[in-house]
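Structure first, then comments.
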């Protein structure tokens, strides 16, 4: 398949990072950046190719977090199996939210608001329901064995999240060069014209939503395994919805590598700010906002789109 | 007589208190070009929208190939072989001409490569071959009309509904387009066209239906329609027929 070589090169280059440094600071930074890239990759499939701007990808991320954590802690399910079920649960939530909003014909800002509302409803439920640990949150018991999806060092985590990002890159690339991808973009551009050409718009959008939700939920599952603690604000909080859309928009919404590039830039800026301002809370968000304004004003197709235009 | 591919029987469309289409009936014979003409606001596009599933039929039946199709969604009708163009062109703006046409071609060709290749062939047929890798937004009005046609053709339809594909074109562009439509018909595709450019209707259509204020007021060969007093009056107002036809004879 075309376009696999650049993915292979970039992923191979990134895979050497743990061999070059054993600094926990660097690895931790990279793991979080890749996690945001993965979540952003999920968002981009729906937002970039499908033109459906979700403000509530936390709904899928959080479902991944909670399902994998609760299955382990309350039902003794193996972490890897919990990981898979978490992804499936995220996809299911995507199917439900997608079905309800697309059936009602919600588009544009209305779709954005409804997804935001769903995520907030889930956050509030998670902050009071006993099964999620309510306000206390859920702690995954420390069990540093690979069978339990926990590792002594950060390197295996790094490689796992990198593998997930690589998988999502290949998947999105494959979709881009498929009939489904063509239909998805046709629906984004003009739904009526697409329907006249035989495109089942509802089904196409729903499928995009489900895949998008599954990818984002995988990020949530990983988050829970990596940090071993979640609460309602982490899992379903607006922060992840914002990160999910910032990375692809800043990186380049219509490009395969956009979310990865965007996540690295955003995270680097965030860390840099913390260094300069000495961890003043919220200042990294101010920087995000500033960068977003600059990108929207001067590079509407993101950094990747901007570089492409300069080169071409 | 040829086999009837589409039969619209006493179809009405009500928008609240407004009766946009009032018990209209028409037929399209297989392999022929049928024209639907009428003054602005007569309900032509509404009738098209009902045939293609974009609007629900309030009353009446639509039979395609003998089977009732009213109530089926547009994408399913497209799969049955009914394609349409839009009066106001609806290109996929951020895609290239080739990608635009490929969306239509995908209906029968799941493979990306196949669809893109087929898009190239269809583009040659409608005269867009030089534009294939340009963005759809770079096309002129005439080019966008051709693109509408190409996308619909790429679905390999049996019945093609053309909603004013000649509107907005200059005389030389119309001269270029007329043979394209004829070639499509010669390829075995049944065509129903809404058209205001009478010169084209006269030279292309084998049968003409006239819609006025939601009703079919006349049908027949193009020549018979042009001399029909009711049609002249529908366009030019009461009394116009007497003056015009009288002047022609006197």
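Read-outs throughout are calculated quantities, based only on the coordinates presented, and are distinct from any laboratory measurement. Keep in mind that this is a model prediction, so the values were computed, not measured. Neighbour counts run over all protein chains shown; Cβ positions are idealised from the backbone, glycine included.
Here are some notes:
- A Gaussian network model of chain A, with springs between Cα atoms under 10 Å, assigns the largest mean-square fluctuation among A:184, A:285, A:116 to A:285.
- Counting Cβ atoms of other protein chains within 10 Å of each residue's Cβ and taking the mean over peptide A:187-194 gives 6.
- When each of A:136, A:96 is scored by the number of other beta-carbon atoms lying within 10 Å, the sequence from fewest to most is A:136, A:96.
- Compared with the dominant principal axis of the Cα atoms in chain B, helix B:171-186 is inclined by about 80°.
- Modelled FRET efficiency - R0 41 Å, residue B:230 with residue B:79, Cβ distances, 0.05 increments: 0.60
- Counting Cβ atoms of other protein chains within 10 Å of each residue's Cβ and taking the mean over peptide B:74-87 gives 4.
- Taking 20 °C and 1.002 mPa s as conditions, the protein assembly as shown diffuses translationally at an estimated 81 µm²/s according to Stokes-Einstein applied to its Kirkwood radius (Cα pairs).
- Taking one quarter of the surface of the convex hull spanned by the alpha-carbon atoms of region A:221-260 gives a direction-averaged projected area of 3.2 nm².
- Think of it as helices only: each DSSP H run of n ≥ 4 in chain B is worth -39500 (n - 2.57), and spread over all residues that comes to -11500 deg cm²/dmol at 222 nm.
- Computed on the Cα trace of region A:4-311, the radius of gyration divided by the Kirkwood hydrodynamic radius gives Rg/Rh = 0.96.
- GNM flexibility winner over chain B from B:207, B:196, B:75 (Cα, springs under 10 Å): B:75
- Shape call, region B:1-127: gyration tensor on alpha carbons, a/c limit 1.5: prolate
- Calculated mean residue ellipticity at 222 nm for chain A: -24500 deg cm²/dmol, from DSSP H runs with n ≥ 4 weighted as -39500 (n - 2.57), summed, divided by the residue count and rounded to 500.
- Neighbouring Cβ atoms from other chains, within 10 Å of the Cβ of residues in A:200-206, number 2 on average.
- Inter-label distance for residue B:30 and residue A:276, nm, one decimal - labels placed 7 Å from Cα along Cα-to-Cβ: 7.4
- With neighbour counts taken as other beta-carbon atoms within 10 Å, the residues A:265, B:11, A:293 rank, fewest first, as A:293, A:265, B:11.
- Considering only A:12, A:297, A:194, the mean-square fluctuation computed in a Gaussian network model of chain A, springs between alpha carbons under 10 angstrom, is largest for A:297.
- One way to sum up the overall shape of chain B is the equivalent ellipsoid from its Cα gyration tensor, whose semi-axes run 31, 22, 16 Å, largest first.
- Kirkwood-type hydrodynamic radius, region B:67-191: 14.6 Å, calculated from all non-identical alpha-carbon pairs.
- nm² value of the averaged projected area, convex hull over the Cα atoms of region A:47-200: 10.7
- Ranked by how many other Cβ atoms sit within 10 Å of their own Cβ, fewest first, the residues B:64, A:236, A:53 fall in the order A:53, B:64, A:236.
- Take every DSSP beta bridge whose two residues both sit in chain B; close to 55 percent of them are antiparallel.
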